[in-house]
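All remarks here apply to the structure that follows.
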Amino acid sequence: MVQAATVQSVTGPISIQRLGRTLMHEHIFIAFPGAWFDPFVKFDRPALIEEAVTRLVKLRAEYGVCTLVDPCPIELGRDVMIMKEVSERAEVQIICTTGFYYQERGLPIYWRARTVDEIAELYIREINHGIGDTGVRAGAIKVSTGAPSVTEQEEKFLAAACIAQRVTGVPIITHTTQGCGGPEQQQLFAAGGVDAHRCLIGHCCSSPDHTYHRRIVGGGSYIGFDQVGYNNFQRDVVRADNVAKLVRSGFRAQIMMSMDCACSTLGRPTTHQLTCDEAAKAEDMKSQEFWPPHTYLFTDFIPMLHARGVSQADVQFILEDNPRRFFAGDLLPQASAG
């Protein structure tokens, strides 16, 4: 196993040892396919950047966050030059990814028509050479699957990610939908020759089922409790209960925590799981610039963990040691299998 000494950020390579406190799944900007064509929405790039800088400066100054991973899929408005400017101004390291979203809400028709090898070539180029002509290189690979199971198209893109991972050595960060599909992703990664500890299975906290979580960590991957604050999908008290159970069972070395929170989005809400009232409330919050703050993890969720016996040392281990080990490619410590 070759251990990585550096990871690519949007401003260039950084030492793994400099990652510090890391949020593993956040977003600077999201634009779902088609939003650019809505005549009733406005893209205000300077305002977007100012909002993101303000949020990240607060995270750095008040909560010690050094690094943010933005696994924005290619077709969801990924703009690495915005990420780069925000990173430089906020003095927070940002790591971006290559890879697409899941079939129901992404996977552009052009790339659906490509072969596995052609998709892998794109991923490898964005990792080794850069994204377009920006010079910014991806530091990880994004894989997304829908519910209730992985589609044939999604399986093709996942296979391409496996090729790119084996060639480049960068890790994989996934999206799962509605709290299912994690074990299936793990099986496909294994079939594609990717070691389990090089994969972070995302959004597992949407499932309330501790048995499901144990299947993920038992399979040797990292598990994402990375939608903290998404109480429409799952209540945070349930998320906190399940994090505490995993810590008590000896799996703290496999937990990643984050919020999947966007500093800004383009257009109107698209989440089909929102009721009409919830969608109207979300639109009103957006118009008043009242999106939940990125600090929520620290102000609200971590105190819930403390109340359940998760120590500050555990939290520090999850937010600092785990991301560093993940990007370095180190094996999981033996204690995590307790």
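The values are calculated or read from the model by the stated rules, or taken from the named source; none is laboratory data. Note that the structure is predicted; figures quoted are calculated from it, not measured. We place every Cβ from the backbone using ideal geometry, glycine too, and count neighbours over all the protein chains shown.
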Region 205-232: number of residues that are within 13 Å of the chain's Cα centre (by Cα) and of a type in the set (Val, Ile, Thr)
2
Scan region 207-215 and tell me whether some residue there is of a type in the set (Gly, Ala, Ser) and either modelled with pLDDT under 95 or part of a helix (DSSP H, G or I) (or both).
no
Starting from residues that are acidic (Asp, Glu) and part of a helix (DSSP H, G or I), keep the ones in region 240-293 and report whichever is modelled with the highest pLDDT.
Asp241
Does Val136 fit the bill of being farther than 23 Å from Gln178 by Cα and either out of contact with any Ser or Thr (no Cβ under 7 Å at 6 or more places or on another chain) or of a type in the set (Phe, Trp, Tyr) (or both)?
yes
Qualifying positions in region 219-239 - buried (at least 23 other Cβ atoms within 10 Å of the Cβ) and in a helix (DSSP H, G or I)
Arg239
Kindly indicate which of Val65, Val143, Val57 is out of contact with any strand residue (DSSP E or B) (no Cβ under 9 Å at 6 or more places or on another chain) and of a type in the set (Val, Ile, Thr).
Val57
Residues that are of a type in the set (D, E, K, R) and surrounded by 20 or more Cβ atoms within 10 Å (Cβ to Cβ), drawn from region 20-42:
Glu26
On the given criteria, is Thr22 polar (S, T, N, Q), more than 20 Å from the chain's Cα centre (by Cα) and under 23 Å from Met259 (Cβ atoms)?
no
Would you be able to tell me the number of residues in region 151-166 that are crowded, with 22+ Cβ neighbours inside 10 Å and farther than 16 Å from Leu200 by Cα?
3
Which pairs have Cβ atoms under 7 Å, sit 6 or more apart or on different chains, and link a residue in region 301-317 that is of a type in the set (D, E, K, R) to one that is part of a helix (DSSP H, G or I) and surrounded by 11 or more Cβ atoms within 10 Å (Cβ to Cβ)?
Arg308/Ala240; Arg308/Asp241; Arg308/Ala244; Asp314/Val247; Asp314/Arg252
Could you please find all residues in region 1-43 being part of a strand (DSSP E or B), among the hydroxyl-bearing types (Ser, Thr, Tyr) and touching a residue at least 60 places away in the same chain (Cβ under 8 Å)?
Ser9, Thr22
Kindly establish whether Leu188 is over 20 Å from Pro108 (Cβ atoms), of a type in the set (A, V, I, L, M), at pLDDT 95 or above and surrounded by fewer than 24 Cβ atoms within 10 Å (Cβ to Cβ).
yes
Looking at Gly106, Gly139, Gly130, Gly146, which one is surrounded by fewer than 20 Cβ atoms within 10 Å (Cβ to Cβ) and closer than 24 Å to Met24 by Cα?
Gly130
Collect the residues in region 43-101 that are surrounded by fewer than 24 Cβ atoms within 10 Å (Cβ to Cβ), closer than 22 Å to Thr145 by Cβ and charged (D, E, K, R), keeping them in residue-number order.
Glu75
So, in region 44-66, exactly how many residues are under 24 Å from Met256 (Cβ atoms), part of a helix (DSSP H, G or I) and touching a residue at least 24 places away in the same chain (Cβ under 8 Å)?
9
With at pLDDT 95 or above, surrounded by fewer than 16 Cβ atoms within 10 Å (Cβ to Cβ), under 19 Å from the mean Cα position of the chain (by Cα) and under 19 Å from Thr97 (Cα atoms) as the only criterion, which of Gly202, Gly169 stands out?
Gly169
